[in-house]
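The values are calculated or read from the model by the stated rules, or taken from the named source; none is laboratory data. Remember, predicted model here, so these are calculated numbers, not experimental data. Cβ placement follows ideal geometry from the backbone for every residue including glycine, while neighbour counts extend to all protein chains displayed. Note: accessible area is taken over every heavy atom of the protein model, side chains too, but ligands, DNA and RNA are not part of it. Shrake-Rupley method; radii C 1.70, N 1.55, O 1.52, S 1.80 Å.
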Amino acid sequence: MDRSAPQITSFHPPRRVLMGPGPSDVPARVLQAMALPTVGHLDPAFSGMMEELKTLLRWAFQTKNELTFPVSAPGSVGMETCFVNLVEPGDTVIVCVNGVFGGRQAENVRRCGGTPVIVEDEWGAPVDPDKVRKAFQAHPQARILAFVHAETSTGALSDAATLAQIAREHDALTIMDCVTSLGGVPVLLDEWGIDAAYSGSQKCLSSTPGLSPVSFGERAVAKLKARKHPVQSWFQDLNLVLGYWSGAGKRTYHHTAPVNPLYGLHESLVMLAEEGLEASWARHRAMHEMLRDSLATMGIEFVVRPDARLPQLNAVRIPAGVDDAAVRAALLSDYGLEIGAGLGALAGKVWRIGVMGYGARVENIRLCTAALRDVLGRQG
Ligand SMILES: *Cc1c(COP(=O)(O)O)cnc(C)c1O
């Protein structure tokens, strides 16, 4: 084997404006927090920061759940953490599928040895509560309902309060994906009675990718404690993780926490606290409306009906005759602007314009609409 080192030098990423489905623009304050000195993950100073992080996350999720912490991995692992801990072999789980991420929840149920009962809705439509009621009637043995609050693949927002209530009426737990909703629209775990939820650091929280805040309520913890089979994932077994994330003083080694990314998440939540939850929701809505009105003057149409539209994820139809990939490539090369392509059933048919977190500001909306107008104009 050749011992001479590869001739590679430091990586310098280009400057981009991130208006896709995530990651979103990360503010300098968060990046600076991540550049602070690394401390040991069992250092008392770090434990203090972790306690603050849990307090901030409980506030962001609007919950008193003791078991609220960031999983050391991206949103997909937060999703798996919910399923591997709460679904046992033989469990029936009602899963609402109205886009890519609901499909992944169903796959998680299968891999846990459970049986998913799929409640399907059209891509771009919210979950239909009546179909969920019918699924519970047809499958009274179902003990869990899973759904995606904010479907990032389509831009649809579902009625989490109603879905959670239906689950309660049938004595079932609720697992909610709020990766894209947290910080951008109301997420009220306790008021709605959500039993388990997972989110992500890189959407409306505007931290860097790679962390997944999760929260588990008492009923979820009771189901976990009553398991007959051990959780098949060692890393995600909450019985073990708990010893690590539990209160200061009694922490034991489980894995090495990603120290600096956690500084970043802490800072992004401090920024959210400074702004206030309601102010953040209002800002996302205002920026969405500004974008919507500009796109309307270009004749660009939305996929989702007005009352179910996510302000932070705008799925719009690509005008007829327009070259999808060429437009996105020109936005990136000429404006440093990233918007998202369609996923799954909507691939090639839509663009997904993210107005998330720090990206939800006037200059971004202006840049995006001016750039689109220019690039579409050049395409004729
Ligand atoms: C982004 C996203 C995920 C996955 O998060 P990763 O950090 O990419 O693993 C899951 N669900 C929804 C709704 C998302 O938008």
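Just name one of 353, 303, 369: the one whose Cα is farthest towards the positive end of the charge dipole of the stretch 300-380 (beta-carbon charges, Lys/Arg +1, Asp/Glu -1). Checked the options; the winner is 303.
How fast does the chain diffuse by Stokes-Einstein, in µm²/s, taking the Kirkwood radius from C-alpha pairs at 25 °C and 0.890 mPa s?
114
Roughly speaking, what is the stretch gain from residue 379 to residue 168, that is 0.36 nm per residue apart minus the C-alpha to C-alpha distance, in nm to one decimal? Write out the running numbers ahead of the final one.
Details: separation 211, 0.36 × 211 = 75.96 nm, distance 5.25 nm.
Full extension from residue 379 to residue 168 adds 70.7 nm.
Using the 1.4 Å probe convention, the accessible area of the stretch 153-303 works out to 37 Å² per residue with neighbouring protein chains retained. Label zone of residue 35 (point 7 Å out along Cα→Cβ, amide N under 15 Å): in the stretch 257-295 this covers 261, 264. Projected label points at residue 329 and residue 66, each 7 Å from Cα along the beta carbon direction, are separated by 5.7 nanometres.
Take the solvent-accessible surface of the protein heavy atoms, probe 1.4 Å, and return the percent of it on the stretch 1-95 that carbon and sulfur atoms account for. On the stretch 1-95, the fraction of accessible area on carbon and sulfur atoms equals 59 percent.
Nearest 500 deg cm²/dmol is fine: what mean residue ellipticity at 222 nm does the chain get from its DSSP H runs of n ≥ 4 alone, each adding -39,500 (n - 2.57), divided by its residue count? If you can, show how the numbers build up before the last one.
Values: 13 runs with 157 residues, N = 380.
Taken over the chain, the calculation gives -13000 deg cm²/dmol.
Modelled label positions at residue 370 and residue 274, each set 7 Å beyond Cα in the direction of Cβ, lie 2.6 nm from each other.
For residue 297 and residue 16, what is the calculated FRET efficiency with R₀ set at 25 Å and r taken between the beta-carbons, to the nearest 0.05? If you can, show how the numbers build up before the last one.
Values: r = 26 Å, r/R0 = 1.02.
The pair residue 297/residue 16 has a calculated efficiency of 0.45.
Taking 7 Å steps out from each Cα toward its Cβ at residue 240 and residue 131 produces label points 3.8 nm apart. As a rough guide to protection, the peptides 313-326, 84-97 ranked by mean Cβ packing within 10 Å, highest first, stand as 84-97, 313-326. Contact order for the stretch 28-272, expressed relative to its length and based on alpha carbon pairs under 8 Å spaced 6+ residues apart, stands at 28 percent. Full extension of the chain between residue 28 and residue 42 yields a length gain of 2.3 nm, computed as 0.36 nm times the residue separation minus the alpha carbon distance. Here the stretch 238-380 is treated as a sphere whose radius is the Kirkwood value from Cα pairs; by Stokes-Einstein at 37 °C and 0.692 mPa s it diffuses with a coefficient of 184 µm²/s.
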